[in-house]
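Inspection log for the structure reproduced underneath, given as structure tokens.
The values are calculated or read from the model by the stated rules, or taken from the named source; none is laboratory data. These numbers come from a predicted model, not from an experiment. Here the Cβ positions follow ideal geometry from the backbone for every residue, glycine too, while neighbour counts run over all protein chains shown.
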Amino acid sequence: MTEIDIEKENKAIAQEYKELLRISYQTLTIDDKKLIRKAFDVAVDAHKEQRRKSGEAYIFHPIAVAKIVASEIGLGATSIAAALLHDVVEDTPITVEDIERLFNPKVAQLVEGLTKISMVQKDLNASMQAENFRKMILTLNDDVRVILIKLADRLHNMQTMDSMVEYKQTKIASETLYIYAPLAHRLGLYNIKTKLEDLGLKYTEPAVYEDIVSKIRETKEEQDAYIKDISDVLKKSLDAENIDYIIKGRPKSIYSIRRKMRAQNVSFDEVYDKFALRIVYKCDSHEEKFIAWKIYSIVTDHYRPSPSRLRDWISSPKSTGYEALHITVMGPKGRWVEVQVRSERMDEIAEKGYAAHYKYKNGASEESGLDTWLNLLREALENPETNAVDFVEDFKMNLYSQEIFVFTPKGEIKSLPKGATSLDFAFSIHSEIGIKTRGTRVNGRLVPLNHELKSGDQVEVITSANQKPTVNWLDYVTTSRAKNKIKNVLNENTKKIAEEGKELLTRKLRHLKVTLNEQVTNELVNFFKLKTSLDLFYRVGIGAIENQQLKDYAAQKSNTFINFFKNKIKRTKDTAAEDIHKPVISSNYDMLVFGTEHDKLDYKLSQCCNPIPGDDVFGFVTINEGIKVHKKDCPNAIGMQSNYAYRIMSAKWIDSSQEEFKAIINITGMDVLGLTNQLTKVISNNMSVNIQSISLSTDAGIFHGQVAVIVKNNTILKKMISAIKKIDGVDKVTREYRT
């Protein structure tokens, strides 16, 4: 670089630093500014030789992360300093001890936590990505600010990913959608969650993302005018009531539009509530609730509300700390519009989450939703039995789940994830109550343990000292807390029975002149086709293994020599038989190629998304079934690309002239005379399509049809779908994906 360029770059770095201090959410004292300045100087010096892939000086990255931490997450000087230093220990000779000496133990602890996460994610061969997430989530035990700074780091990396190779973009974006966006949501950082989701979509489904962005641009003028119409009407009434407020129009995020299109099987134009209005008002704390309902009254005076879509998060805040009143009303031109009503305090909590929640808490002793959630998380982390992938799946479910509010018999309110059962409720009160649950009453009526609760239910738990969980209980609960507790109790019971079973087996084998040792145990495990010695002892303990079976084993063991030859012969025969029954993979391998070298490999098409030639696909290396091919927008894709990034192979179709593939099409519409005839004519007129099965039904004037067709590729299928859509009476045509 030339001297002038370096001078220009140094000016830009100094400008970024000033901006960082200016936008800080917290009020910075002189000591705070000194701490941040020192961290900035150390970071600039440590990273002076480094550049990012884009070519810019590396120091711009830590400054950008610190800016997100300061303004969007709203943390204080300690976190801003840690954000500036977050890559120093990993990338330069400076150690955690140096940071503790130069700064203080708290900054050092945060930097160490962030370094642990970074180190973990690079060591992919040691274990799977899920184990890495588990380790990362463990740092929540130390200080939740570690994760908050990590979210800022991830957001800036997502914003500057253009210069990366495509497979890395997909991996990082999948990880972001799978775990980081739900984490931001759970910590109440809705702005960051939205940005992470939109950027995640940009790199996992670029074509879909660009399509939605261009359509939003096309309709922006019309939408702005629509929001202005509603705002003008409401302003007159709000001003007349002397309310101090501002109205903001807020378009729905790109990701949530995509989610809605997918969930409801609709096009962009058919997504009606693509934007929301937000009314943020100023008031004294004692008037907050009163003014919110006053605004509700004004809004519903002008526009008819949908009673089923009123959300009162003021009386019962979400466990993330979120408070607001959400009203969905029928606006002009028959369109649904969501109106969000929040005080300035509620708005700050919605934007800043954790930081604002604690600013307004003023040292109150009442435990916040976040603290309760962190305690539950610690409980799950302390359970050594949990498999890493199950843990991450459970954890993720508890991050994003919607909430219901139920009451105890004394009228105390409890928050549970949507879909929770009465047995989940018992475990949410206390694990000891959960374990002893004999029955549950909801609203005074006795209900099964797997009864799904609804908001407003009053739940009473009936316990018994003799009650013990059974394996079926795992099907009765949805929360990870309940599942973990039940598994722990079942494991303890299994171990006790297994211990008794081992003693019993030792006695029985002694009668058969066999001594139980490690070799005999392994032989018995294989003989009964079990997985572990624990399975063997447990089955003996419950009486599932009979004396005759043990006699058969002893008889076989007594003639080991002959048995060895028998096994030899049998093994050869089995292998041959296996080869005969192996599924024959199409000989036309060249239709699908893998990796950058376009290798032709054996593969199977996955059942969950039924890919056909022309679909965007990827290969997934399974443990037992070789390479399985999935569509890029398969419902399971994000999870696989995130948890098992190292097993993903790029794949693409290169020729589809020979083989044929199955696709299932669902059709709905109005039962117009001759519709069935038209439908079969359109499909059979297409020479390249064979109908495998067709099922048509009508119900009160509504037509439902499902057609399974055999096609050569995606282009033919798209043509056929387009022709079906043109038939008079047809409303919707969608391709089915099995989950």
If you go through the range 712-724 one residue at a time, do you hit one that is among the charged types (D, E, K, R), modelled with pLDDT of 80 or more and within 35 Å of the chain's Cα centre (by Cα)? yes
Please go through the range 660-694 and pick out each residue that is at pLDDT 80 or above, under 18 Å from ILE612 (Cβ atoms) and either among the hydroxyl-bearing types (Ser, Thr, Tyr) or surrounded by fewer than 14 Cβ atoms within 10 Å (Cβ to Cβ) (or both). SER693
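Among the candidates ALA83, ALA77, ALA57, ALA70, single out the residue that is assigned by TED's automatic domain parsing to the domain that holds TYR190, within 26 Å of the chain's Cα centre (by Cα) and crowded, with 18+ Cβ neighbours inside 10 Å. Walk me through it before giving the result.
Numbers: ALA77 fails: within 26 Å of the chain's Cα centre (by Cα); ALA57 fails: within 26 Å of the chain's Cα centre (by Cα); ALA70 fails: within 26 Å of the chain's Cα centre (by Cα).
The conditions single out ALA83.
When the residues of the range 245-291 are filtered to those that are small (Gly, Ala, Ser) and outside any helix (DSSP H, G or I), which remaining residue is surrounded by the fewest Cβ atoms within 10 Å (Cβ to Cβ)?
Here is the first cut: in the range 245-291, the ones small (Gly, Ala, Ser) are 249, 253, 256, 263, 267, 276, 285.
So of that shortlist, the ones also outside any helix (DSSP H, G or I) come out as 249, 253, 267, 276.
On the way: GLY249: 16, SER253: 17, SER267: 10, ALA276: 17.
Only one residue tops the list, namely SER267.
Would it be correct to say that VAL459 is among the β-branched types (Val, Ile, Thr), surrounded by 20 or more Cβ atoms within 10 Å (Cβ to Cβ) and not in a helix (DSSP H, G or I)?
Numbers: among the β-branched types (Val, Ile, Thr): yes; surrounded by 20 or more Cβ atoms within 10 Å (Cβ to Cβ): yes; not in a helix (DSSP H, G or I): yes.
In short, yes.
Quick grid of which residues meet (1) assigned by TED's automatic domain parsing to the domain that holds GLY74; (2) touching an Asp or Glu at 6+ places or on another chain (Cβ under 6 Å); (3) farther than 30 Å from GLY619 by Cα; (4) part of a helix (DSSP H, G or I):
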position	(1), (2), (3), (4)
THR170	yes, no, no, yes
LEU177	yes, no, no, yes
LEU183	yes, no, no, yes
GLY188	yes, no, yes, no
GLU197	yes, no, no, yes
LYS220	no, no, yes, yes
TYR226	no, no, yes, yes
LYS235	no, no, yes, yes
Just checking, how many residues over the range 299-313 are surrounded by fewer than 19 Cβ atoms within 10 Å (Cβ to Cβ) and aliphatic (A, V, I, L, M)? 1
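Can you tell me which residues in the range 505-539 are of a type in the set (Lys, Arg) and not in a helix (DSSP H, G or I)? Explain how you work it out, then say what you get.
Of all residues in the range 505-539, those of a type in the set (Lys, Arg) come to 507-508, 510, 513, 529, 531, 539.
Result: LYS513, LYS529, LYS531.
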Of (1) assigned to a helix (DSSP H, G or I); (2) surrounded by 17 or more Cβ atoms within 10 Å (Cβ to Cβ); (3) of a type in the set (Asp, Glu), GLU323 satisfies every one except (1)
Within the range 427-445, restricting attention to residues that are among the aliphatic types (A, V, I, L, M), free of Cβ contacts under 8 Å to residues at least 40 places away in the same chain and not in a strand (DSSP E or B), which residue is farthest from VAL489 (Cα to Cα)? ILE429
Can you find even one residue in the range 620-638 that is more than 18 Å from TYR167 (Cα to Cα), aromatic (Phe, Trp, Tyr), at pLDDT 85 or above and in contact with a helix residue (DSSP H, G or I) (Cβ under 9 Å, 6 or more places away or on another chain)? no
Cβ pairs under 6 Å, 6+ apart, first in the range 709-737 and touching a residue at least 24 places away in the same chain (Cβ under 8 Å), second among the acidic types (Asp, Glu): ILE710/GLU660; LYS712/GLU660; ASN714/ASP615
Kindly indicate which of ALA555, ALA645 is more than 22 Å from the chain's Cα centre (by Cα) and modelled with pLDDT of 70 or more. ALA555
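Results for (1) outside any loop (DSSP other than H, G, I, E, B); (2) among the acidic types (Asp, Glu); (3) modelled with pLDDT of 85 or more, shown as yes or no for each residue.
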| residue | (1), (2), (3) |
| --- | --- |
| LYS294 | yes, no, yes |
| ILE314 | no, no, yes |
| ILE327 | yes, no, yes |
| ALA350 | yes, no, no |
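Return the residue satisfying two criteria in turn: it lies in the range 394-418 and is hydroxyl-bearing (Ser, Thr, Tyr) and at pLDDT 70 or above, and of such residues it is nearest to SER256 (Cα to Cα). Show your work before the answer.
Initially, the range 394-418 is screened for residues hydroxyl-bearing (Ser, Thr, Tyr), giving 400-401, 408, 415.
Those left that are additionally at pLDDT 70 or above: 408, 415.
Values: THR408: 35, SER415: 25 Å.
Among residues in the range 394-418 that are hydroxyl-bearing (Ser, Thr, Tyr) and at pLDDT 70 or above, the one nearest to SER256 (Cα to Cα) is SER415.
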Would you call HIS86 touching a residue at least 12 places away in the same chain (Cβ under 8 Å) and in contact with a strand residue (DSSP E or B) (Cβ under 8 Å, 6 or more places away or on another chain)? no
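Taking the residues in the range 471-481 that are in a loop (DSSP other than H, G, I, E, B) and surrounded by 13 or more Cβ atoms within 10 Å (Cβ to Cβ) as candidates, determine which candidate is modelled with the highest pLDDT. Break it down stepwise before answering.
Quick first cut of the range 471-481, residues in a loop (DSSP other than H, G, I, E, B) only: 471-472, 477-479.
Going one step further and asking which of them are surrounded by 13 or more Cβ atoms within 10 Å (Cβ to Cβ), we end up with 477-479.
Details: VAL477: 89, THR478: 85, THR479: 82.
Filtering the range 471-481 for residues that are in a loop (DSSP other than H, G, I, E, B) and surrounded by 13 or more Cβ atoms within 10 Å (Cβ to Cβ), the one modelled with the highest pLDDT comes out as VAL477.
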So, of the residues in the range 1-39 that are modelled with pLDDT under 85 and among the acidic types (Asp, Glu), which turns out to be nearest to the chain's Cα centre (by Cα)? GLU9
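With the condition kept exactly as written, say whether any residue in the range 601-610 is in a strand (DSSP E or B), touching a Lys or Arg at 6+ places or on another chain (Cβ under 8 Å) and modelled with pLDDT of 70 or more. Give the derivation first.
Of all residues in the range 601-610, those in a strand (DSSP E or B) come to 604-605.
From the residues that got through so far, the ones that are touching a Lys or Arg at 6+ places or on another chain (Cβ under 8 Å) too are 604-605.
With the extra rule that they be modelled with pLDDT of 70 or more, the set shrinks to 604-605.
Within the range 601-610, one or more residues are in a strand (DSSP E or B), touching a Lys or Arg at 6+ places or on another chain (Cβ under 8 Å) and modelled with pLDDT of 70 or more.
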Starting from the range 453-464, keep only residues that are farther than 21 Å from SER316 by Cβ and without any contact (Cβ under 8 Å) to a residue 24 or more places away in the chain, then list their pairs with residues that are of a type in the set (D, E, K, R) and in a strand (DSSP E or B) whose Cβ atoms are within a distance under 8 Å, requiring at least 6 positions of separation or different chains. none
Filtering the range 293-308 down to residues that are out of contact with any Phe, Trp or Tyr (no Cβ under 8 Å at 6 or more places or on another chain) and of a type outside the set (Phe, Trp, Tyr) yields LYS294, SER297, ILE298, VAL299, THR300, ASP301, HIS302, ARG304, PRO305, PRO307, SER308
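Just checking, does the range 148-167 include any residue being in a helix (DSSP H, G or I) and in contact with an Asp or Glu (Cβ under 6 Å, 6 or more places away or on another chain)? Show your work before the answer.
Going through the range 148-167, the residues in a helix (DSSP H, G or I) turn out to be 148-159, 166-167.
Filter again for in contact with an Asp or Glu (Cβ under 6 Å, 6 or more places away or on another chain), leaving none.
No: zero hits.
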Which of the residues that make up the range 494-525 are out of contact with any helix residue (DSSP H, G or I) (no Cβ under 8 Å at 6 or more places or on another chain) and closer than 15 Å to ALA554 by Cβ? THR506, ARG507, ARG510, HIS511, ASN517, GLN519
